[in-house]
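Visitor: Structure incoming, see below.
The values are calculated or read from the model by the stated rules, or taken from the named source; none is laboratory data. All values reported here derive from a predicted model rather than from experimental measurement. Here the Cβ is made from the backbone with ideal geometry for all residues, glycine too, and neighbour counts use every protein chain on show. What goes into the accessible areas is simple: the full protein's heavy atoms, side chains included, and nothing from ligands, DNA or RNA. Shrake-Rupley method; radii C 1.70, N 1.55, O 1.52, S 1.80 Å.
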Amino acid sequence: MKKYLLLFSALFVLSACNSGNNDSKDSTTKSTAAATEKTSTSTSKKNSSTSRSSTNSDTASNSKTQTSSSKTNSSHGNHAMSAMEELQANYPNDKFPDPATISGGKQIGIKASEEQGTLTVNYYVVNEDTPFNDPALDGQTSVAQFQRKSFDTKETAQNEVGQTYDPNGQQVDLGHSITGYRNAGAGSSFITWKEGNWSLAVRVNNLEQEDPVPLAKQTVEYLEGTFLPVPHDAGQISLRVAPGDYQSNSVVWQNNQTVYTIMNADSMSSLKMAVSMAK
């Protein structure tokens, strides 16, 4: 009987130990699973954070790149200035003739330079838009020129104008109560007259049997309906009937110590250039 009791006790103890071991194993397994789940969750959160950070960084980078590209394109889109606009931008304190008056509305190329107080602007007829000071204009023939020249004194500037007026010749009625005086000499003849501080002259070549009266009357008629710049104190207009180079016709006037000169191959175009500067 005692043997059975001892055997039963041993079996009970052994069973209790196995149960404890199983509980320990289950606890260990649960603990390991929980740790693994936490690690996985943490890793997942880190990966999610990294993904979001990468996405935000890429988005910001793309946004900056697009903004930069937009600014670059905008800058390139603003550089297309006409030759006249570039001329005015380079000399913002100066006034220039309207290009539309230079050669009957034809497209005009422009070159300009300034040396020792003298600004010279040359105008050329071109077939397409031509940049300001384009080397392609080198060697081309000017159709007109504008010049601004500074002097030390008003007297020197006035002498530079070179007024021509001789009231001793044959009187000619030019219309609008204006009388011109016709004179001849050295193979040419000319009509001169005065309008305010302006002296005007139309010259012709006698060998070509040209008549200065029609152009003189046309000039008076044109100026009757418009305005020239006001000289301070002298102005001179010199026109020719026959066509020639850009120096054939000139409009010169003084503004204190500065003298402005407009020259054009066409007589009426030279007047229109000057009138455009009075507006």
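Visitor: Any residue in segment 195-218 that is among the basic types (Lys, Arg) sitting within a Cβ distance under 8 Å of a residue that is outside any loop (DSSP other than H, G, I, E, B)? List the pairs, counting only those 6 or more apart or interchain.
Guide: What qualifies is Arg203/Ser188; Arg203/Ser189; Arg203/Phe190; Arg203/Ser238; Arg203/Leu239; Arg203/Arg240; Lys217/Leu174; Lys217/Gly175.
Visitor: Then there is this: Identify, please: which residue in segment 149-182 is part of a loop (DSSP other than H, G, I, E, B) and among the charged types (D, E, K, R) and is, among those, farthest from Tyr260 (Cα to Cα)?
Guide: Asp166
Visitor: Something else: Pull out all pairs, ordered by first then second residue, where Cβ-Cβ is under 8 Å, the residues are six or more apart or on different chains, the first lies in segment 132-161 and is at negative phi, and the second is of a type in the set (Phe, Trp, Tyr) and surrounded by fewer than 19 Cβ atoms within 10 Å (Cβ to Cβ).
Guide: Short answer, once both residue conditions are applied: Ala157/Phe151; Glu160/Phe151.
Visitor: With respect to Gly244, determine if the residue is touching a Leu at 6+ places or on another chain (Cβ under 9 Å) and modelled with pLDDT under 95. If you could, list the steps in order and put the result at the bottom.
Guide: Numbers: touching a Leu at 6+ places or on another chain (Cβ under 9 Å): no; modelled with pLDDT under 95: yes.
Considered against the rule, which asks whether it is touching a Leu at 6+ places or on another chain (Cβ under 9 Å) and modelled with pLDDT under 95, Gly244 comes out as no.
Visitor: Just for segment 196-207: of the residues that are farther than 26 Å from Thr153 by Cβ and modelled with pLDDT of 95 or more, which one is surrounded by the fewest Cβ atoms within 10 Å (Cβ to Cβ)?
Guide: My answer is Arg203.
Visitor: Name the pairs whose Cβ atoms lie under 6 Å apart, with the first residue in segment 231-250 and more than 17 Å from Gly187 (Cα to Cα) and free of Cβ contacts under 8 Å to residues at least 24 places away in the same chain, the second hydroxyl-bearing (Ser, Thr, Tyr) and part of a strand (DSSP E or B), and 6 or more positions between them or separate chains?
Guide: From segment 231-250, the pairs are Ser250/Ser238.
Visitor: OK, next. If you take the residues in segment 101-121 that are touching a residue at least 60 places away in the same chain (Cβ under 8 Å) and open to solvent by 20 Å² or more (accessible area, probe 1.4 Å), which one is farthest from Ile262 (Cα to Cα)?
Guide: Checking each candidate, the answer is Gly104.
Visitor: Inside segment 122-136, can you point out the residues that are over 28 Å from Thr258 (Cα atoms) and in contact with a Gly (Cβ under 6 Å, 6 or more places away or on another chain)?
Guide: Scanning segment 122-136 gives Val126, Thr130.
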